[in-house]
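Visitor: Here's a structure for you.
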Amino acid sequence: MLAFKRTLYILACGLLAGPLFSQADLFTFSGRVVDAATQQPIEFATVMMLTTLDDESLGGNTTDLEGRFALTANRSDIYFQVSFLGYETLEIREFEQNGRQVSLGDIALSVKGELLDEVVVEARRSQVTFELDKRVFNVGEDLSSTGASALEVLNNVPSVNVSIEGDISLRGSNGVQILINGKPSVLAADGGNALGTITADMIESIEVITNPSAKYEAEGTAGIINIVLKKDERRGLNGAVSVNTGTPHSHSVGLSLNRRSERFNLFSQLGVGYRELPNETESINRNLVDGSEVSAIGEEFRNEQFYNLVLGTDYYINDNNVLTISGNFAYEVEDQPSSFAFTQTDETGATIAEWTRTEETEATNPKWQYEAQYKRDFEDMENHSLLFSAVGSFFGKDQSSNFINQTVEGVDRDARQRTRTNFSEAENTFRLDYSRPISEKWSLETGALYTINDVTNDFAVENLIGNDWETDLSQTNIFEYSQDVLGVYGTIAYEGEQWGVKGGVRVENTDLETFLINTQETNDQNFTNLFPSAFVSYKLTEAISFQAGYSRRIDRPNLWDLNPFFNIRNNFNVRAGNPNLLPEFTDSYEVNSIFILGQVSLNVGIFHRYTTEVVDRITTFEDNVSLTRPFNIGTNATTGFELNGKLIVGRALVLNGDFNYNGFNRVGEFEEQSFDFSADQWSSRLNAKVQLDGDLDMELTGRYRSAVQTIQGRVSGNWMLDFGLRKSLFDGRGALNFSVRDIFATRIREIFVEQDDFSAYSFGLRGRFITLGFSYGFGKGDTMEYTGQRRRF
């Protein structure tokens, strides 16, 4: 309201100036505001007029796109204050005055801290604290004064890692949900690509939520990271352009623009590119009853041209009301060539048949997303707010595939198949959140969410019989999927100097329908569930904190687990969904502690999860064909230990590591077969960032994931090593990036299914990826990388 009243005051002064004073009585002051180092104009800088007698304000104005301003006054005994966020405020008390047209010339502002090289300053350092259901990383002056991007700030948060390529992980796991000011945003939708337009001095704090409270959707996630921006965001132009190339083919060009003014924040992103994703595969199916075997060695490709456009704006109606509207459109053109060499042998190992199977697939994928949000902050107290948002998305796929079998030796395997897919998915989410402090220590939160998800998948398989194409009715159908989720929640919290307690409950109703039109098969589910949560935190000192929490979560079957259609790329190793799946329910408990010891931050935690209706994949075997489908099988009790830490070794080296171990106990039965067993697994990650001379940064990241027992066999362990190099250019405006992902091509995934009457083996390797990119930030932005929109499938 203060800014609104001030604007009315200035407008009123301007309207009254005409009647009260003639032009002959007015003094006109003009000038241009520039950056002292670059001499570039500073737009939207504030220029205020004050009287020299009693410092009374006579109003002011902001500079235009060229940094220019003009002010009028009925007196000349005045001085000027010129300010802009991130710059030292400058007072101008002496200027030449000849007549009533006064030129102040170029006014040069210096960046804060620019002249402090010889001064020792005790700055507020970044630190991590517990706040009930989350860990909060408060961004200090050690980061906010460096001009770092949001990605660099995230990389200083314990438990969070950001690779040079911009991939964000939490506790060593990807799939993290990124929020900005507590809501989804297209600025965070593509794996952090647009986060380069948010700089450190705009960020107040970063919240890490590993066990979400009742305020958040009950749907299970790997975790939530919420970037909280300062209310006074830096104004002006932020922008970046990026060019990338790599092998296997990966080429893209991206442009991002962001302009902030007093009332508007306009942002946009445009990207085009081409990429290939090869995959080496091998499968072996053995019939342990008659000794026969079918094996296949092949290579799959997924090649894409992609186009992406993001447009949006934040409109600051006044100091207390903000309206956000944004949209994202993407279009992909796919080409998926693949080839397999098959061999079939008998019980003696003699070859019965050899043949090849090739695939030609073409697809187009249109995608779009919209977001509309209104937020109101009430004046009576801090954190008293109302938020309404509507977010919608659409994804379509129009795909056709041709498969050709050609006999090489032995039994005739010649055949031709083709498939057609017409797919569409529309999802709309409407959300209302209200928070109100009751007192300085007590607060309430409440809200509601409604999500509508509608899917149609028209899938057909045809075989060439003679000269005619005949539909395979056993594999052809139209699958319709509809899921509506309505949720309401309420929480109450107490936060004292040392202790904090928070409790809440969420109620969600799920209405799920699946319908196979051709065969008239339906699966309708409607269930209502309670999801309580409770948290307690204790801060022993500023450097030592403890936190304990409980929440109940749900993991609803996703579309592709429900979709019954087969993937017949390798028609001897088939995967399909199960439309009769039920959701998993998990009770999650965890206790965490955090220690900040100088340049060392350490997080130690233990957790326990108990899950019912566990979804596991069961492989069945018939005529040397393995079919893998998901089913609900029993319970899983998991107890684990987590350790992650960060060590800053001087200014040149930062070490960041994670270790996660858990043991689990599976209890379940499927078709009168018991799957009771106990096992364990562990994973680790060590990341080293080295700052070299010449504005050169090097990064090495090693990962290891142990082997793990499954209900029918095991999955092998694997390790990988990534390398990255970043050269800063043009005083930090530009950057040259070079990275090698999986240097030694060791990220191999092997699945062994071992049963009494058959065994099935599958192997997959993505291989080594090498990329080179250049990015340049202009205006007041920071350089960023654009790598294209993240894959949907």
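Visitor: Taking the conditions exactly as written (open to solvent by less than 60 Å² (accessible area, probe 1.4 Å), part of a strand (DSSP E or B) and free of Cβ contacts under 8 Å to residues at least 40 places away in the same chain), does Val507 satisfy them or not?
Guide: Yes, satisfied.
Visitor: Of all residues in the range 437-480, which are over 25 Å from Trp560 (Cβ atoms), more than 33 Å from the chain's Cα centre (by Cα), in a strand (DSSP E or B) and not hydrophobic (A, V, I, L, M, F, W, C)?
Guide: Once the filter is applied, which keeps residues that are over 25 Å from Trp560 (Cβ atoms), more than 33 Å from the chain's Cα centre (by Cα), in a strand (DSSP E or B) and not hydrophobic (A, V, I, L, M, F, W, C), the range 437-480 yields Asp468, Glu470.
Visitor: Which residue out of Arg569, Arg553 is modelled with pLDDT under 90, crowded, with 21+ Cβ neighbours inside 10 Å and not acidic (Asp, Glu)?
Guide: Going through Arg569, Arg553 in turn, just one is modelled with pLDDT under 90, crowded, with 21+ Cβ neighbours inside 10 Å and not acidic (Asp, Glu): Arg553.
Visitor: Oh, and also: Hey, among the residues in the range 481-504 that are in a loop (DSSP other than H, G, I, E, B) and open to solvent by 30 Å² or more (accessible area, probe 1.4 Å), which one's nearest to Phe585 (Cα to Cα)?
Guide: Result: Gln498.
Visitor: Same structure again: Within the range 580-612, which residues are closer than 30 Å to Asn632 by Cα and polar (S, T, N, Q)?
Guide: Asn580, Thr586, Ser588, Thr611, Thr612
Visitor: Can you name every residue in the range 709-750 that is of a type in the set (Val, Ile, Thr), open to solvent by less than 40 Å² (accessible area, probe 1.4 Å) and within 21 Å of Ser762 (Cα to Cα)?
Guide: The answer is Ile711, Val715, Thr746.
Visitor: Another question, then. Scanning the range 690-704 for residues that are under 21 Å from Gly645 (Cβ atoms) and at pLDDT below 85, which turns out most open to solvent (accessible area, probe 1.4 Å)?
Guide: Out of the qualifying residues, it is Gln691.
Visitor: Taking into account only those residues within the range 639-669 that are assigned to a strand (DSSP E or B) and among the basic types (Lys, Arg), which is farthest from the chain's Cα centre (by Cα)?
Guide: Out of the qualifying residues, it is Arg666.
Visitor: Exactly one of (1) open to solvent by 60 Å² or more (accessible area, probe 1.4 Å); (2) at pLDDT below 95 is unmet by Thr451. Its number?
Guide: (1)
Visitor: Considering only residues of the range 363-387 that are outside any strand (DSSP E or B) and at pLDDT 90 or above, which is farthest from Ile492 (Cα to Cα)?
Guide: Filtering the range 363-387 for residues that are outside any strand (DSSP E or B) and at pLDDT 90 or above, the one farthest from Ile492 (Cα to Cα) comes out as Phe378.
Visitor: Here is a follow-up. Name the residues in the range 659-680 that are surrounded by 14 or more Cβ atoms within 10 Å (Cβ to Cβ) and either in contact with a Cys (Cβ under 8 Å, 6 or more places away or on another chain) or within 15 Å of Val614 (Cβ to Cβ) (or both), would you?
Guide: Result: Asn662, Phe664, Asn665, Arg666, Val667, Gly668, Phe670, Phe675, Ala679.
Visitor: From the list Tyr331, Tyr307, pick out the single residue that is in a strand (DSSP E or B), at pLDDT 90 or above, of a type in the set (Phe, Trp, Tyr) and closer than 30 Å to Leu229 by Cβ.
Guide: Going through Tyr331, Tyr307 in turn, just one is in a strand (DSSP E or B), at pLDDT 90 or above, of a type in the set (Phe, Trp, Tyr) and closer than 30 Å to Leu229 by Cβ: Tyr307.
Visitor: So which pairs qualify, if the first residue must be in the range 520-543 and among the acidic types (Asp, Glu), the second must be open to solvent by 80 Å² or more (accessible area, probe 1.4 Å), the Cβ gap must be under 7 Å, and the two must be at least 6 apart or on different chains?
Guide: Final answer for the pair search is Asp524/Glu513.
Visitor: Return the residues of the range 561-573 that are in contact with a Ser or Thr (Cβ under 7 Å, 6 or more places away or on another chain), within 21 Å of Glu300 (Cα to Cα) and not in a loop (DSSP other than H, G, I, E, B); say none if nothing qualifies.
Guide: Asn573
Visitor: Taking the conditions exactly as written (open to solvent by 60 Å² or more (accessible area, probe 1.4 Å) and without any contact (Cβ under 8 Å) to a residue 12 or more places away in the chain), does Asp380 satisfy them or not?
Guide: So Asp380 fits the description; yes.
Visitor: Listed residues Gln97, Gln39, Gln101; which is of a type in the set (S, T, N, Q), touching a residue at least 12 places away in the same chain (Cβ under 8 Å), open to solvent by 70 Å² or more (accessible area, probe 1.4 Å) and under 22 Å from Arg259 (Cβ atoms)?
Guide: Gln39
Visitor: Another one. In the range 527-546, how many are aromatic (Phe, Trp, Tyr), open to solvent by less than 30 Å² (accessible area, probe 1.4 Å) and within 25 Å of Asn603 (Cβ to Cβ)?
Guide: Residues meeting the conditions: 1.
Visitor: Here is a follow-up. Are any residues in the range 598-654 open to solvent by 60 Å² or more (accessible area, probe 1.4 Å), closer than 30 Å to Gly694 by Cα and of a type in the set (S, T, N, Q), and if so, which ones?
Guide: Passing the criteria: only Gln599.
Visitor: Another question about this same structure. Which of the residues belonging to the range 420-472 are hydrophobic (A, V, I, L, M, F, W, C), closer than 18 Å to Met381 by Cβ, in contact (Cβ under 8 Å) with a residue 24 or more places away in the chain and in contact with a Leu (Cβ under 7 Å, 6 or more places away or on another chain)?
Guide: None - no residue of the range 420-472 is hydrophobic (A, V, I, L, M, F, W, C), closer than 18 Å to Met381 by Cβ, in contact (Cβ under 8 Å) with a residue 24 or more places away in the chain and in contact with a Leu (Cβ under 7 Å, 6 or more places away or on another chain), so the list stays empty.
Visitor: With the structure loaded, tell me whether Pro630 is at pLDDT 90 or above and in contact with a helix residue (DSSP H, G or I) (Cβ under 9 Å, 6 or more places away or on another chain) or whether it fails that test.
Guide: Answer is yes for this residue.
Visitor: Here's something else I'd like to know. Which condition breaks for Leu516 when tested against (1) more than 30 Å from the chain's Cα centre (by Cα); (2) open to solvent by 30 Å² or more (accessible area, probe 1.4 Å); (3) of a type outside the set (Lys, Arg)?
Guide: Checking Leu516 against (1) more than 30 Å from the chain's Cα centre (by Cα); (2) open to solvent by 30 Å² or more (accessible area, probe 1.4 Å); (3) of a type outside the set (Lys, Arg), the one that fails is (2).
Visitor: Take residues that are modelled with pLDDT under 90 and within 25 Å of the chain's Cα centre (by Cα) and tell me which of the strands (runs of 3 or more DSSP E) falling wholly in the range 709-793 contain 2 or more.
Guide: Of the strands (runs of 3 or more DSSP E) lying wholly inside the range 709-793, those with at least 2 residues that are modelled with pLDDT under 90 and within 25 Å of the chain's Cα centre (by Cα) span 718-729, 734-741, 769-779.
The values are calculated or read from the model by the stated rules, or taken from the named source; none is laboratory data. Quick caveat, the model's predicted, so the values are computed rather than measured. So basically every Cβ, Gly included, is an ideal-geometry build from the backbone, and we count neighbours across all protein chains shown. SASA here: full protein model, heavy atoms, side chains in, ligands and nucleic acids out. Shrake-Rupley method; radii C 1.70, N 1.55, O 1.52, S 1.80 Å.
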